[in-house]
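Beneath this line is the structure, given in C-alpha cells, with notes to follow.
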Amino acid sequence: MLNLNAKKISILTVIKMCAGYSPLLFILTFALTVADGLLVPLMIMIVANFIDSAISLVSENPQHYTMMKNAVFIGLGYFYTQISQELKLYFYQLFENTLRNKLKPAVMKKQFSVDYLLFELTQTQDLLLRVTKNIENKFIKILKSSNYIITIFIQVTGIMYALYKYNHTLVIIFIFAVIPILFLTFKGGRAIYESEKKVVFLTRQMNYLSETLSNREASAERTMFNYSTELNKRFKNSHLYRSNFNTKTIARETIKIKLCNIVINIFTIIIIVVLSKQVHNQLLSVGLFTAIVGSMINLTKLISVQLSELFFEFSSHIEYVRDFKIFLELEENTEVFDKKSESLSFESLDIKNLYFKYKNSKEYVIKGINLYLEKGKSYSLVGLNGAGKSTLIKILIGLYRDFEGEILINGKDIKCYTFAQLRNIFSVVSQDYAKYYVTLRDNIVFGDNDADISQLADKMELSDLICDLPDKENSYLGKIYNEGVDISGGQWQRIAIARALYKDSPFVILDEPTSSLSPTAESRIYSNFSKIAKDKTLLMISHRLGSTKISDEIIVLDSGKIAEQGSHEDLMKKDYIYAKLFNTQRELYYE
C-alpha cells in the first residue's frame with residue numbers, strides 16, 4: 001500500500017489510503033458524515049414548522065397533527081445525534097485498529113529499508129519520529145478532520161441557502177467575514193507544526209531521559225550514583241522549554257483568531273436584527289426566524305471555536321502530509337528483505353584506492369586504502385578510536401555503498417553483488433551487537449527448530465550456562481518475561497559470536513564485540529575463536545591488541561589510511577605505530 005507516487009502525495013492521498021485499508025468502515029463513516037451535515041438544514045425546516053404549528057394552536061385553525069408530527073421528527077433527530085456520535089466513535093476505533101494492523105507494518109517495512117547511511121543522520125531520525133510515531137492515529141485524525149469539514153460545509157450550505165431566500169446580501173457579508181478566520185487558522189496551524197519541528201530534538205531527548213529514568217537496565221547505576229534527580233531535572237527543563245516554545249506560538253496565533261471571532265459575532269447580531277425586521281414586515285414566519293436564528297448562533301459558535309480548532313488542526317495535517325511525502329521519498333535499500341540463501345565461497349577481497357566520506361561532510365573518513373585479503377587467513381585490523389575501522393567494515397558488508405574506488409570480491413565488483421549475497425559471504429559481530437530477549441536458542445538460531453547448538457555451545461564456553469538455566473537452551477533471557485534470566489555481558493558476547501558462527505559464512509568479522517571484557521579474557525576469546533573458525537577467513541578488529549599475535553597479518557589503520565601492514569614480529573621490528581601501541585598495552589595481556 002506504500003507503493004505511491006511521492007510527488008502526488010496530499011491529504012486526499014491519505015484519505016484514499018484509509019479507504020483502501022478498510023472500504024466498509026470508510027463508507028460507514030462517510031455516510032454518517034453526510035447525514036450529520038444534512039440534519040442541520042433539515043432540522044431548520046422541522047423546528048420552523050413545529051413552532052409555527054404550535055403558535056397556530058391559539059388561532060382559529062390549530063395544526064395539531066403538524067405540530068405532533070414535527071415533534072416526533074425533532075425527537076428522532078435528537079436520538080440520531082446521540083447514536084451517530086457513538087457509532088462514529090466506534091467505527092473510528094475499528095478503523096484505527098485496522099490501520100495499526102495493516103498500515104503500521106507497511107510503514108515499519110519502509111522505515112527499516114531506509115538506506116543505512118541516511119538512517120544514521122539526525123535529520124532522518126527526527127523525520128521518522130514525526131511521521132511514524134502513532135501513524136495510525138495521525139491518519140485517523142486526518143480522516144476525522146476531513147469528514148468534519150464535509151459535515152460543516154453541508155451544514156453551512158444549508159443554513160446559507162435558507163438565509164439566501166430571504167436576504168442574499170447577508171449571506172455575502174457573512175461569507176466575507178468568515179474568510180479571514182479560515183486564512184488565519186490555516187496559517188496558525190502551519191506555524192504550530194513548524195514550531196514542533198524546531199523542538200523535535202527535545203522530544204527525542206525527553207524520550208531518552210524518560211527511558212533512562214525508568215528502565216531496569218539503568219536501575220543499579222541510578223541507585224549507586226544517585227543521578228536520578230539530575231536526570232529528572234534535565235527532563236523537566238527540556239519539557240518546560242519545549243512547552244514554552246509551543247505556547248508562545250499558540251498564544252500569538254490564537255489572539256489573531258479571537259479578534260476575527262469578535263467580528264463574526266458582530267455580523268451575526270446584525271443578521272439577527274435584519275431578520276427580525278422581516279418578521280415584523282411579515283416576510284418571515286416566527287418559526288422560520290427562530291430556527292434560522294438558532295442555527296446562526298450555533299453556526300457562529302461552531303466557526304468561532306470548533307471550526308477554528310479544526311482548521312488549525314487541518315493545516316497541521318497538511319504539514320504532516322508534506323513530511324510523510326519526504327518520508328516516502330527517502331532512499332531505500334529494499335534488498336535488506338531478500339531472504340534468498342545461497343552458499344557462496346570466498347577466495348579474495350581486493351580493495352583499490354578506496355575513499356569514503358559521509359553525506360554533508362567535506363572530510364574523507366577513508367583515504368586511499370589499498371588492501372588484499374586471501375581465503376583462509378586471519379587478519380587483525382587495529383588502530384585508535386576514530387581511525388575508520390568500523391566505517392571500513394560497513395563498506396565491505398554493503399551498508400555504505402556511496403564510496404569512491406573499487407572493491408573486488410572474488411574478482412567481481414562488490415556493487416554487482418546483492419545485499420543478500422554479501423550477507424551470505426560476511427558474518428559480523430559488532431561492538432553494538434543486539435541482545436534479544438527471547439530464548440537462548442533463538443538468540444543463536446532464530447527459529448530453526450532442527451538445529452543442534454550443543455557443539456557450538458561447547459566451543460563458545462556456553463555449556464555451563466545452559467546447564468544452569470531453568471529450561472536449558474529454551475530459557476528466556478532478559479527480564480521482560482517473569483521467567484526470564486539475567487546473564488552477564490561476557491555471556492551475551494559469547495552468544496553473539498555463536499550467532500555469527502551458526503550462520504556459517506566463509507568470511508567472519510569481529511568488530512570489537514569483546515570491548516567490555518578484560519584484556520586477558522578478550523585475548524582468550526580471540527584465541528579460541530581463531531581455532532573454532534580455522535577454516536574461515538577472519539578479520540578481527542580492535543583498538544586493543546588482544547587478537548594480533550594470533551593473526552597471520554596485522555593491518556594498522558591511522559586517520560583513514562593504512563599506516564603499516566605485516567606480521568606481529570615484522571611490525572615489532574619496525575618500532576612504529578603498532579609497536580608503540582603493543583608496548584603500551586603489553587602488561588594487559590600477561591597475568
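The values are calculated or read from the model by the stated rules, or taken from the named source; none is laboratory data. If you're wondering where the values come from, they're calculated on a predicted model, not measured in any experiment. Cβ sites come from the backbone with ideal geometry, for glycine too, and all protein chains shown count toward neighbours. Protein only, heavy atoms only, side chains kept; ligands, DNA and RNA dropped before computing areas. Shrake-Rupley method; radii C 1.70, N 1.55, O 1.52, S 1.80 Å.
Miscellaneous remarks
- Amide H to amide H, with H built 1.01 Å from N, residue 332 comes under 5 Å of 115, counting only residues 5 or more places away or on other chains.
- Violating pairs (Cα-Cα greater than 24 angstrom) within the set 138/394; 367/531; 367/394; 367/415; 16/133; 377/549: 138/394; 367/531
- Label point distance in nm, residue 559-residue 123, each placed 7 Å from Cα along Cα→Cβ: 2.9
- Sequence of 317, 64 when ordered by accessible area, the most exposed leading, probe 1.4 angstrom: 64, 317
- Protection proxy ranking of 108-116, 356-364 - average other beta-carbon atoms within 10 Å, highest first: 108-116, 356-364
- Residues whose amide H falls under 5 Å from that of residue 368, counting only those 5 or more places apart or on a different chain, are 354, 355, 356, with hydrogens built in the peptide plane.
- For the set 379, 78, the ranking by accessible area, highest first and with no ligand, DNA or RNA atoms included, is 78, 379 under a 1.4 Å probe.
- Extension gain for residue 11-residue 101 works out to 30.3 nm (0.36 nm per residue, less the C-alpha to C-alpha distance).
- The label point for residue 132 and the one for residue 233, both projected 7 Å from the Cα toward the Cβ, are 3.5 nm apart.
- If R0 equals 51 Å, the separation of the Cβ atoms of residue 270 and residue 322 corresponds to a calculated FRET efficiency of about 0.80.
- In a DSSP loop and with at most 14 other Cβ atoms within 10 Å, the trypsin sites (Lys or Arg not before Pro) in the range 140-177 are 165.
- Spacing of the two label points (7 Å from each Cα toward its C-beta) at residue 87 and residue 573, in nm: 9.1
- Amide hydrogen neighbours beyond the local backbone of residue 487, cut-off 5 Å, H modeled: 478
- Using C-alpha pairs below 8 Å separated by at least 6 residues, the relative contact order for the range 48-107 is 22 percent.
- Using θ = phi - 60° and Karplus 6.51 cos²θ - 1.76 cosθ + 1.60, couplings along the range 275-286 (whole Hz; Gly, Pro as x): 5, 5, 5, 5, 5, 4, 8, 6, 8, 9, 6, 4
- Loop-located GluC sites (Glu not before Pro) in the range 6-97, at most 14 other Cβ atoms within 10 Å (DSSP): 60
- Residue list for the range 372-388, given a label point 7 angstrom along the Cα-to-Cβ vector of residue 534 and an amide N cut-off under 20 Å: 374-380
- Residue-wise HN-Hα coupling along the range 559-567, computed from phi with Karplus coefficients 6.51, -1.76, 1.60 (Hz; x: Gly, Pro): 6, x, 10, 7, 7, 7, 7, x, 6
- Per-residue HN-Hα couplings for the range 456-470 [Karplus 6.51, -1.76, 1.60; θ = phi - 60°; Hz; x = Gly/Pro]: 5, 5, 5, 5, 9, 6, 10, 4, 5, 4, 4, 5, 7, 6, x
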